[in-house]
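The values are calculated or read from the model by the stated rules, or taken from the named source; none is laboratory data. Computed from a predicted model, the values in this text were never measured in an experiment. Heads up, the Cβs are rebuilt from the backbone with ideal geometry, glycines too, and the neighbour counts pull from every protein chain shown.
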Amino acid sequence: MPKVTIGDWVEEPEYVHPAIGARLAPYAHRAIGDAAGLTQFGVHLERLYPGAQSSLRHWHSHEDEMIYVLEGEVVLVEDGETALRAGDAAAWRAGDPVGHRLENRSDRPAVYLVAGTRAAHDVVSYPDDDLVTTRDGARRRYERADGSLIGER
């Protein structure tokens with residue numbers, strides 16, 4: 001198996017969700033799966049800065065997800081809250097309706113490994129934001145929980 005050369009940290013600016021306008025703070029990532037040419041699952045490192053959250057609380061219909069904390073501390077927000085520190089892991093099976101996100105409430109960055117399925121089709125539900133995103137390849141369809149259309153791209 002060849003050694004994988006992982007690129008430098010990529011700093012991402014504040015993210016504004018295209019359908020609902022929710023804002024997420026800047027973060028950084030390093031792609032590992034892409035660098036290795038993986039096609040069936042993605043792997044990357046994320047650096048979450050103090051005061052930031054990883055995403056809107058969500059769950060996937062067709063994708064497994066897991067994280068493993070390498071440095072620092074984050075709070076896993078599901079229906080309740082759980083502190084995760086270096087050496088802790090959390091995982092979510094595809095189709096299990098447990099909305100989740102990470103928050104960094106500490107005063108230093110946290111770094112964690114993320115691995116997940118690369119499903120061509122997925123439905124992502126955001127229980128706190130009345131949003132359901134259907135992904136079909138590069139296409140996105142944004143709807144309210146009642147099925148009313150918000151938009152497409």
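With loosely packed, with under 14 Cβ neighbours inside 10 Å, over 23 Å from residue 153 (Cβ atoms), hydrophobic (A, V, I, L, M, F, W, C) and in contact with a Phe, Trp or Tyr (Cβ under 7 Å, 6 or more places away or on another chain) as the only criterion, which of 83, 89, 115 stands out?
Details: 83 fails: in contact with a Phe, Trp or Tyr (Cβ under 7 Å, 6 or more places away or on another chain); 115 fails: loosely packed, with under 14 Cβ neighbours inside 10 Å.
Only one candidate passes the filter, namely 89.
I'd like to know if region 3-10 contains one or more residues that are modelled with pLDDT under 95 and either surrounded by 18 or more Cβ atoms within 10 Å (Cβ to Cβ) or not in a loop (DSSP other than H, G, I, E, B) (or both).
no
Quick one: count up the residues across region 21-64 that are among the hydrophobic types (A, V, I, L, M, F, W, C), surrounded by 17 or more Cβ atoms within 10 Å (Cβ to Cβ) and not in a strand (DSSP E or B).
Selection size over region 21-64: 3.
Residues checked against (1) closer than 29 Å to residue 71 by Cβ; (2) in contact (Cβ under 8 Å) with a residue 12 or more places away in the chain; (3) not in a strand (DSSP E or B):
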{"site": "106", "(1), (2), (3)": "yes, yes, yes"}
{"site": "113", "(1), (2), (3)": "yes, yes, no"}
{"site": "116", "(1), (2), (3)": "yes, yes, no"}
{"site": "125", "(1), (2), (3)": "no, yes, no"}
